[in-house]
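Asks: Starting off with a structure, shown below.
The values are calculated or read from the model by the stated rules, or taken from the named source; none is laboratory data. In this text, all values refer to a predicted model and were calculated from it rather than measured experimentally. Glycine gets a Cβ as well: all are built from the backbone with ideal geometry, and neighbour counts include every protein chain shown. For accessibility, only protein heavy atoms count, side chains too; no ligands or nucleic acids. Shrake-Rupley method; radii C 1.70, N 1.55, O 1.52, S 1.80 Å.
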Amino acid sequence: MLLLLYTLTFFNHFHTKAEKTLCQMMGDPKYPLLSKDGEATIGGIFAMHSKETLPSFEFTQKPQPLLCSSVNLPDFRLAQIMIFAIEEINRSEMLLPNVSIGYQIYDTCSSRMSSMSATMGLMNGPEFAAGDTCNGQSSIHAIIGETESSATVILSRTTGPFKIPVISHTASCECLSNRKDHPSFFRIISSDYHQSRALAYIVKHLGWSWVGAVNSDNDYGNYGMAIFLNTAQKEGILVDTIKKGNTKVIVAFVSFIEMGLLIDQLNILNITGLQIIGVEGWITSTSMITPKSFQVMGGSLGFALRKINLEGFSNYVVKAFWDTAFPCSQIKGNPSQYTINCSRYQDLLALKNYNEDVPEQKYSSHVYKAVYAVAHSLHSLLKCKEQEGCEKGLTIKPQQVVDALKKVNFTVKFGDRVWFDRTGAAVAQYEVVNWQQDSDGSLQFKSVGYYDASLPPEQRFVLNTENIIWARGQLEKPSSVCSESCLPGTRKAAQKGRPVCCYDCIPCAEGEISNETDSNNCKQCPGEYWSNAEKNKCVLKAEEFLSFTEVMGIVLVFFSLFGAGLTVLVAILFYRMRDTPIVKANNSELSFLLLFSLTLCFLCSLTFIGQPNEWSCMLRHTAFGITFVLCISCVLGKTIVVLMEFKATLPGSNVMKWFGPAQQRLSVLAFTLIQVLICVLWLTISPPFPYKNMNYFKEKIILECSLGSTVSFWAVLGYIGLLAVLCFILAFLARTLPDNFNEAKFITFSMLIFCAVWITFIPAYISSPGKFTVAVEIFAILASSFGFTILHICT
């Protein structure tokens, strides 16, 4: 082994002097297990045995060759399919006519040491003739192998400096896609980049965000799992290790042998009910399905390669292979010589009449296509023509084969198209299969979808979940989440110190909604909207105003109408008694005008009740202002009349002629016109208008009348207050008049009530929310009006 490495090192560092260097094999040559001479030669490296026995290394004698045992049937079939394809090409008149292809197939015994030895054997050739010069060229035009990704990495790195093309049938590690490290590597299988991403898509498609993972501790498992984890993280999936056991979905990115060990351990520990998601390396291996393993693996999902049964191969492995391609099929010559040369073939001969496993060989078509890819490359390089054959004497270098392989594009006899992408891999095409048990108890792999990377992104992945039977024979998809989905009306809140898929569901705040499942945030409702009880929809806010139908509105309407009715009743009584001395002495004109204004005061309070509109807003404050000024003007007139009448009783006084009925009416009109003028200016400059107040309450809208001009509103109230204060002062001055002028005392009392009501009204009006603001204003109007009515009745 070391001597062969020395030869490689020699070629690598001194290739410039290769033409002048004599080559000599140092040590025992490494011979292929199966071989045939040809004008072009294809090498093959397969693990046809699974166990290697090391010789004694006591350094007292030359070590004996490594001994291989325990036939690895799948890889032996791959070696047979390689020979089958080469023989088929040699018989073809269309592909490489008149050119024979030979082969050298080495057995690695599933050992890295033997694998490296086989690689050196292919590159150097089994032996050198005496005096041969080292020309730096290998007699092998391409190598097909190996089966495992880690071994293929070693093979590709070793042959890479010599530009020898390596075509693998099963090495799917994404690490081999690096053309800088593996410039001459090709593979018939697609990279695990696609399978790993497809695994993440299937988990995402099924709504699982909390899954366990287990992978082989090699290039195949580590690279594949790394891509899966990266894609899963982007898709919002959290992956936990299988050890923790708190998830019901396990993604198993492991090889066939390691999956068998895992199943054994799950059976020993009696762990059932796991939903296993697998890869093409083991998901369709019939040898793995047993009644015992099905208890653990039943319902498994995974990606599988399409199995293709090659026409004629099943019969070939029974007869033709043993007759034409297998050495030592029959004992010939000296028995001792047979023992020396054919002892390593004894265990393979036991398979001579066995072919039941052939239909289950899923990678056989890959080797078949790899051989044909090399043949098509050689065909293009040799400039072969259908009738004339190939030009002889052309020397083909491995680098030329590499360049030709990049351009191959053909279709094999069973319909598959063969070509390589820029990374040297085939297009990714997988079936999604499900482990199911039929009604008769038989176990099968049922196709339930596919993944095809050649299709547009939105069409690549299809999964028919209705055809899946899940773990434990369940028809309903299992749930695998750390936290259940947050329903609409709630939002996700991450749990401190836990993964991102572990969260609490927090109800949205008032005025916020979430109308999606698993919402990260709640959305604020627009201004006039509020959240419903479930917090999943924005609805129009409730509108609040003092209505005629509610209790408070009914009470205020009652007192308003009662006051108006009482005032009208007093007016009727006064009218019926208008000729009596009492009514005549009470200044009947001002009394009737006062009663009229009081009626309007009571009725104007009704304009404050009901839904505000443009006309009611303009009417309520202006009508209130004008009617109250009219009312107070009448009271002020009566107060002045009382004072004048008292002055008129004094000797020599003639003041009543200055404040007779005409002057009284004129004064009331003048005082009222001032208020009318203020109201007209208010309505002209900035009138009141309906307004939706959303400041007091977040959950409802207060329908109210905006004042428009606040200055005008306070001017109206200020003018009323001015007249009221003036009337109060005059009445207060007249309180000391003789008893026959006691009307001034009642006016003073009524004005005291009026002032107290309106002074109290101001802070209550400012601080009352919503419809209570209107109620306070109505209360003030009614209280004042009743005060004046009682005054008039008493006087």
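Asks: Considering only protein heavy atoms and a probe of 1.4 Å, how much of the accessible area of region 490-540 is carbon and sulfur, as a whole percent?
Replies: C and S atoms contribute 49 percent here.
Asks: Residue-wise, which Karplus ³J(HN,Hα) couplings in Hz belong to region 97-102, taking 6.51 cos²θ - 1.76 cosθ + 1.60, θ = phi - 60°, and x for glycine or proline?
Replies: x, 6, 10, 9, 10, x
Asks: From Cα pairs below 8 angstrom and at least 6 apart in sequence, can you work out the relative contact order of region 490-540, rounded to a whole percent?
Replies: 33
Asks: Would you check the accessible area of residue 69, probe 1.4 Å, heavy atoms only, in square angstrom rounded to 10?
Replies: Roll a 1.4 Å probe over it and residue 69 shows about 40 Å².
Asks: Another one. Using θ = phi - 60° and the Karplus form 6.51 cos²θ - 1.76 cosθ + 1.60, what ³J(HN,Hα) does each residue of region 401-418 get, whole Hz, x for Gly and Pro?
Replies: In residue order, the calculated couplings are 5, 4, 5, 5, 5, 5, 10, 5, 7, 8, 10, 7, 5, 8, x, 7, 8, 10 Hz.
Asks: Something else now. Region 405-527: Rg/Rh from Cα coordinates, Kirkwood Rh?
Replies: Radius of gyration relative to Kirkwood radius: 1.18.
Asks: At 0.36 nm per residue, and after removing the present C-alpha to C-alpha distance, how many nm does the segment from residue 58 to residue 614 gain when stretched out fully? Mind showing how you got there, number by number?
Replies: Values: separation 556, 0.36 × 556 = 200.16 nm, distance 11.26 nm.
That pair, residue 58 and residue 614, stretches by 188.9 nm at full extension.
Asks: Please list 684, 272, 490 from largest to smallest accessible area, probe radius 1.4 Å, with all protein chains kept in place.
Replies: Heavy-atom accessible area, descending, gives 684, 272, 490.
Asks: Ok, one more. Could you order 255, 50 so the one with the most accessible surface comes first? Probe is 1.4 Å. Write out the running numbers ahead of the final one.
Replies: Values: 255 35, 50 60 Å².
So the residues, ranked largest to smallest area, are 50, 255.
Asks: Per residue, how many Å² of accessible area does region 415-482 show with a 1.4 Å probe?
Replies: Values: 3790 Å² over 68 residues.
The answer is 56 Å² per residue.
Asks: Tell me which residues come under 5 Å, amide H to amide H, from residue 546 once H is placed; ignore anything under 5 positions away on its chain.
Replies: 610
Asks: Less than 15 Å Cβ to Cβ from residue 470, Lys/Arg counted +1 and Asp/Glu -1: what total charge do the surrounding residues give?
Replies: Numbers: positive: 248, 446, 472, 477; negative: 466, 476.
Neighbour charge sum, excluding residue 470 itself: +2.
Asks: Let me ask something else. How do 157, 187, 112 rank by accessible surface area computed with a 1.4 Å probe, from largest to smallest? Provide the component values of the computation, followed by the final result.
Replies: On the way: 157 130, 187 0, 112 105 Å².
Per-residue accessible area, sorted high to low, gives 157, 112, 187.
Asks: Leaving out ligands, DNA and RNA but keeping every protein chain, what accessible area does residue 550 have, in Å² rounded to the nearest 10, with a 1.4 Å probe?
Replies: 40
Asks: Multiplying the sequence separation of residue 181 and residue 475 by 0.36 nm and subtracting their Cα-Cα distance, what value in nm do you get?
Replies: The span from residue 181 to residue 475 would gain 101.1 nm if fully extended.
Asks: Using a cut-off of 19 Å between alpha-carbon atoms, which aspartates and glutamates can reach residue 51, once sequence neighbours fewer than 8 places away in the same chain are excluded?
Replies: 75, 107, 146, 148, 258, 347
Asks: When all protein chains stay in place, what accessible area (Å², nearest 10, 1.4 Å probe) is found for residue 37?
Replies: Ignoring ligands and nucleic acids, residue 37 comes out at about 140 Å².
Asks: Semi-axes of the equivalent ellipsoid for region 490-540, please: Cα gyration tensor eigenvalues, times 5, square-rooted, ordered largest first, whole Å.
Replies: Working through the eigenvalues yields semi-axes of 25, 8, 8 Å.
Asks: Oh, and also: What number comes out for accessible area per residue over region 490-540 if the probe is 1.4 Å? Units Å², please. Intermediate results must be reported in sequence, preceding the final value.
Replies: Numbers: 3220 Å² over 51 residues.
Per-residue accessible area for region 490-540 comes out at 63 Å².
Asks: In terms of modelled amide H atoms, which long-range or inter-chain residues lie less than 5 Å from the amide H of residue 410?
Replies: Answer set, sorted by chain and number: 418.
Asks: Now, a different point. In a solvent-free Debye calculation with one equal scatterer on each Cα, what is log10 I(q)/I(0) for region 28-178 at q = 0.10, 0.12, 0.17, 0.18 Å⁻¹, listed in the order of the q values?
Replies: -0.38, -0.54, -1.04, -1.14
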